[in-house]
Structures are given as C-alpha cells and as structure tokens.
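Worksheet for the structure shown next.
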Amino acid sequence: TDLRPLDILSEVVPAGRLARGMRVFQVQGVRGFQLAASRPRALGFPASRLFIHCDRFPEEFSIIVTLRVLSVPAKRNEYVFTLMAEESPSVLVGLRYAPDKLHFLFWSQERAGGWQTRVTFPNVSLSDNQWHTLVLAVSGQSFSLTVDCSVPKDVVVETPFPASLSVKRASFYLGNRRRRKGVFTGLLRQLVLLPGADATPRICTAMNFKVATLSVPPVLQDLPAKPGSNEVLKYPYETDTKVTLGSRPPCTKQEKAQFWFNASRRGLYLCNGSAWISMLEVKQRLDYVEEYQNLVTNSETMGVEVFTIPKVGLFAATANRYTPPGSAIYKWTDGKFVPYQNIPTYQAQSWKYFTIGKKIFLAVANFEQNDRGQEFSVIYKWSRRKEKFITYQRITTHSARDWEAFVIEGEAFLAVVNHREGNNHNIDSVIYRWNPRTGLFETNQTIPTSGAYDWEFFTIGPYSFLAVANTFNGTSTKIYSHIYIWLSGSFQLFQSILTFGAADWEVFRIGDRVFLAVANSHSYDSGMPAPSNFYAINSSIYELNITAQMFVKFQDLLTYSALDWEFFSVGDDSFLVVANSFDGFTFSVNSIIYRWQGYEGFVAAHHLPTVGCRDWEAFHTAEGSYLLYSSAKEPLSKVLKLKTT
C-alpha cells in the first residue's frame, strides 16, 4: 500500500451531493453529518470504490473517526459504520458504540463457518455532547484505541484480524448495519481508513486534538467568513445558534458561529473562530473622562503594566521605587484593582508581560542593586498551582529601564535597556534569545545605547524593527535615537532620528498608515547656553514614507518633560495621551489626550490633571474603557473611566 488515506465519508457525498437522509449540522463551530434512520441503504456505497486494485481488506490499518455522540440510552448500540457482504447479514468490519464502551467487530474466515469477533474497549465515555477524535490501530492480535490523543488503550485478543478478508461484493454503510435499528444519532465529521500504519502520529500534531483531521469532505470544511459579492453559500447547513449575554466570552473554534450581545456597547458580535466580528454596533464616541479609582501604591510608581491571564483575570503590575515593600500586582475584582501579590524589587522602573507557548512570564527592570550589592533584573513565571508569580531567571543588568518581548520567525526574544553603568551612560543594551532546550534566555546580540530609556518592537509587512530611545550620552540629551531592522539573523541600523532626552517610543496604526511617536523629556547640552526652559519642548510624531523607506516627521506637539505616549481607540476614533511630568516649576502638570483629526493631525481634546505622570496604560473590560496613570512623585496612581456617548 502507498498509505493513502481512504476517505469513507467522502464516498457517501461524491462531488458534494448529499445522500437522502443526510444533513449538514454545525455545533461548536464544527460541521458534521446528521444521519436519518429512514433510508439506511442510501447511506452506503460499494467497497470496490475504495479498493480499486485489490479486493482484500488490509491486514494492518487505522480507522480515524471524528464524531459528536448524543446521550445513548442504556443497552442501546449505535453503529458508526459497517462493511457488509451483499448476500449476508453478517458484519465483516464494523465500529459500534454503546454507553461507555466502544466495540470493534470483524469476521474471521479462519473458523469453520466463520466467526464474529468483538474487541471491546471499556470506559470510553463520549456522551458529553463534545467533539472527539478516535484513532483505532489494528495489527494482528493487537488493537489500540486513542481518544483525543490521550494515552492509548491497548487490547490483545486470541483471534487476530484476518490476513485475507475478502471485500468482494461488499458495501460500506455509514452509521448503520443496513437496518433502521442501531442508526448513529450523533454527528459524524471524519471517517478515514489508513492502510498499513498507525495514524496516531499523523493525527496528534494539531492544537485541537478533539477535531484533528486527516481527511474531511469538502462540504464539512470551513467556508470563508464572508462570501464574495457574487457568491452564495455552496452548502446549506444548520447550526445550534445561541446568543451569549454579559461579559466578553471566549471566541475559539468551539464557539464558532455563535453570537455575543454586548449590552454595555449595544453591539452584536459573531465569533469567526478566533475573534468577535462586529455585526451590529452603535459606534461609541469619547465624551469626557472621569476619575474612577484612586489606587494607593507601595511607593512612587515608575511604570505600570496591565495584562490578562487567560481564565484567571485582569491584572496591573506597578513598578515601585522603594524596597521594602517592593512592587505590587493588583487584580481587577468587582470593577476595581485590589492588591494581589507583592514582589521584592529594587527601584523598579517597568514590567513586561509576555508568553512563550503556554508559559506566562512577567519581567521587572530593576534600577538599583539589591541588599547584597548584586544588580540584576528578574523574570517571574506564573504558577498555575500557586496562582502567583514565582522567580524564574535572574539576568545581570545595569540600571535597567525597560524590557521588550517579541517574536521573530517563531523564536522568542527579550531585550533589556541598560541605562548606565556607574557614571557611564554609553554602554551596551542586550537582546536575549529564548533557548527552548534549556528553558532560559541567553545573550543573542548587544547594541550600543546612550542612557537609554525604552525599546519599542514593531513589524511592517514581513519586516521586524526595534527602536531605542536614547536619552543622555554624558554631556547632552540632544542625541540620535535609532531604529534597527532585522536582517540575516540580527538587528542592523535602519534609521537615526534626532531626539531630546527621548524617554519613550510608541508605534501605532491608523488605517494603512504607520506612525512612530517619541516622547522628548528635556533639552540639555553642557556645551551650549541653557534654554529658558529645559522641559517645555516638542515631542514629535513620525510617519512611515513607503517611497522613501524611512520615517519622516508628521507633527510636533508641545509637551512638558514627556515620559510616555499611549495610543488607544474609542469606536472609530483614535487618540494619543501624553504623560507630561514636569514643566520646570511644578510636577502638577496637565497630561493631554489628543484626538486624531485626519488632515489636522492630532488635536488636544482633554486636559487631565496629573502629578509627576510617568506612564499611561489603556485597557478595556466588559463594563467599559479605562486609562491608568502612574505617578513618579506620590504613592497614588489613578484609574480614569472613558465616558462615551
């Protein structure tokens, strides 16, 4: 045999024409056939359509089945398929399901007059209204059943599967044994015979084992989310459509084709298997901003990171100045952030949340040495058992300001910004590569930086970029910050932009346009006369010019020792909020939300009183949209709610 999969299910629907008594039904985003008991013979076809060159059933083979079983009454048996000779009521080969059991049947010609052998796999519970994929591997006296790629169930029987089972004048029957009694009442998606091999290694590579596929009829395969303007749906099918209310539910293949109604936004959404697509929505507009929560922090907060741990909740990590008590993690509970975990840090500057596969990490950038004179930043890993972050890896850093996590060509990287070593600001920052064999980050590349504050990673088409915000070279803040491009396995210089104490880069997109905003913190040069105000300077927004293949200045905005930009959207509107920290006289300075006005660029829309504002984070919950700002001058951060119309 050439190990070609023989698709039994597709033979029943040649060219997509459904036999009488078949319907396509969609459940949990997956399609399958529902079979009617009225015409069992209509659900059959001659075995010669599969066995073209040989009329013998293979001696070694696998049968792959994807099905959804309904509740089966006690003492009832349902047939998944049978192979029967035309002149005999005996089952040559068959698969039968009973409550908590699966039976494989075959006819042995080696006994006088023939004999039906039944191989039973006990404790096979499929009646949970979920999809399951079964792989039955047969070789001689050995029979192995794998359910959803779990541990195989092995059975050895006295009677081996026949070495030469004739299928001459025999037919396959789908979901029955040529009678109305025992017809399969669930849904069938896949039924494949693979001669000569155990199909388990070929099946158990998918992310979703329960619907892993080797061969599925075209009529059951996914259709485009939206047909073309001149197309109609080729195959009619039914679905157990339901509408979920309340907070945003998960959207995976299990929820595909289900609806969610968001009452707070008055929107109806359809799950396409990975994301909720707006079907009907009242577009919101930002009306005003109101104070929502005063978040008392352990000490002044240099940075904040908001993130969601799947199936656990929404969190905020604050990078606090003093130890003790260190930095804190807060959990969103009953509409507010409440203390969740304290972590020892040493003048922490920022946090970075990232994942690698199923592993969840949180990295802190420590600016100072610990009590033993050691200077390192720490990567913490989420423990699902303890439901908290535990120390995973320490990395030597030098007055670290920021971490950036990113993936290039399937490999995970982590870049640290080293601000200074002693009084030397011109030092290397480091890019680390994840080693899946050791489970650790290892040095991959060093890049010279000058008093750097921030990394920003972004992609444009197939290209990956990393921008560094250089702040101070020892004598001046008027220095070049750099954008690097990934080429031939490393980052290489792409463009240099003159900045003034750059503290942050923020990349964002509006439509097809790509922008890069820099937060300039102050203008100082030891060799030049002092300006009237070091801190009242322009921060700039650059736009990618595809023709020139570089970023060109788009707009200047007057800022006051700007330390951060945050881009966010409300409805169809785009916004930028700046963290103004000091105007030369006071730390009580308005930070400003700018609204995108198209041809006018960004226009000031809302003035927000802040004190030593260091960082902004935008986040959303089922109840609405929020901004969180951290203060580097008082142990109090604030959550602001965006009120919309």
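The values are calculated or read from the model by the stated rules, or taken from the named source; none is laboratory data. Just so you know, these numbers come straight off a predicted model, no measurement behind them. Glycine gets a Cβ as well: all are built from the backbone with ideal geometry, and neighbour counts include every protein chain shown. For accessibility, only protein heavy atoms count, side chains too; no ligands or nucleic acids. Shrake-Rupley method; radii C 1.70, N 1.55, O 1.52, S 1.80 Å.
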Next item on the list: Give me the pairs, please: first residue somewhere in the stretch 385-404 and farther than 30 Å from SER450 by Cα, second residue anywhere and of a type in the set (Val, Ile, Thr) and surrounded by fewer than 21 Cβ atoms within 10 Å (Cβ to Cβ), beta-carbon distance under 8 Å, and either six or more positions apart or on two chains.
Entry: GLU387/VAL312
Item checked: Residue among PHE389, PHE367 that is of a type in the set (Phe, Trp, Tyr) and farther than 15 Å from GLY303 by Cα -> PHE389
Margin query: I'm checking my understanding of the structure. Among residues of the stretch 519-544 that are within 16 Å of ILE592 (Cβ to Cβ) and aliphatic (A, V, I, L, M), which one is farthest from the chain's Cα centre (by Cα)?
Written below: ALA536
Check: Does LEU191 qualify as being over 26 Å from GLU86 (Cα atoms), open to solvent by less than 10 Å² (accessible area, probe 1.4 Å) and either assigned by the TED database to the domain that holds VAL69 or touching a residue at least 60 places away in the same chain (Cβ under 8 Å) (or both)?
Finding: no
Next item on the list: Could you run through the stretch 5-61 and say how many residues are without any contact (Cβ under 8 Å) to a residue 40 or more places away in the chain and among the charged types (D, E, K, R)?
Entry: 4
Next item on the list: Having 3 or more residues that are closer than 27 Å to HIS398 by Cβ and open to solvent by less than 30 Å² (accessible area, probe 1.4 Å) is the bar; report the strands (runs of 3 or more DSSP E) wholly within the stretch 314-367 that clear it.
Entry: 327-333, 348-356, 359-366
Notebook entry, point to check: Say we look at the stretch 208-238 and pick out the residues that are at pLDDT below 60 and hydrophobic (A, V, I, L, M, F, W, C); which of these is nearest to ASP128 (Cα to Cα)?
Noted result: LEU223
Item checked: Search result, residues across the stretch 440-473 that are free of Cβ contacts under 8 Å to residues at least 24 places away in the same chain and open to solvent by less than 10 Å² (accessible area, probe 1.4 Å) -> none
Notebook entry, point to check: Going through the stretch 142-188 one residue at a time, which ones are among the charged types (D, E, K, R) and surrounded by 14 or more Cβ atoms within 10 Å (Cβ to Cβ)?
Noted result: ASP148, LYS153, ARG177, ARG178, ARG179
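Select from the stretch 266-291 the residues that are over 25 Å from GLY29 (Cα atoms) and crowded, with 16+ Cβ neighbours inside 10 Å and list them in ascending order.
GLN284, LEU286, VAL289
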Next item on the list: Test each condition in (1) modelled with pLDDT of 80 or more; (2) over 30 Å from SER569 (Cα atoms); (3) open to solvent by less than 80 Å² (accessible area, probe 1.4 Å) for ARG202 and report the one that comes out false.
Entry: (3)
Item checked: Candidate set from the stretch 292-305 (those that are polar (S, T, N, Q) and part of a strand (DSSP E or B)); member that is nearest to VAL30 (Cα to Cα) -> GLN293
Checklist line | Count of residues meeting criterion [closer than 21 Å to ASN580 by Cα and open to solvent by less than 10 Å² (accessible area, probe 1.4 Å)] in the stretch 477-514 | finding: 8
Next item on the list: Determine if the stretch 573-587 includes at least one residue that is assigned to a strand (DSSP E or B) and either open to solvent by 40 Å² or more (accessible area, probe 1.4 Å) or touching a Pro at 6+ places or on another chain (Cβ under 9 Å) (or both).
Entry: no
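For LEU92, are the conditions met, namely being in contact with a strand residue (DSSP E or B) (Cβ under 9 Å, 6 or more places away or on another chain) and open to solvent by 10 Å² or more (accessible area, probe 1.4 Å)?
Yes.
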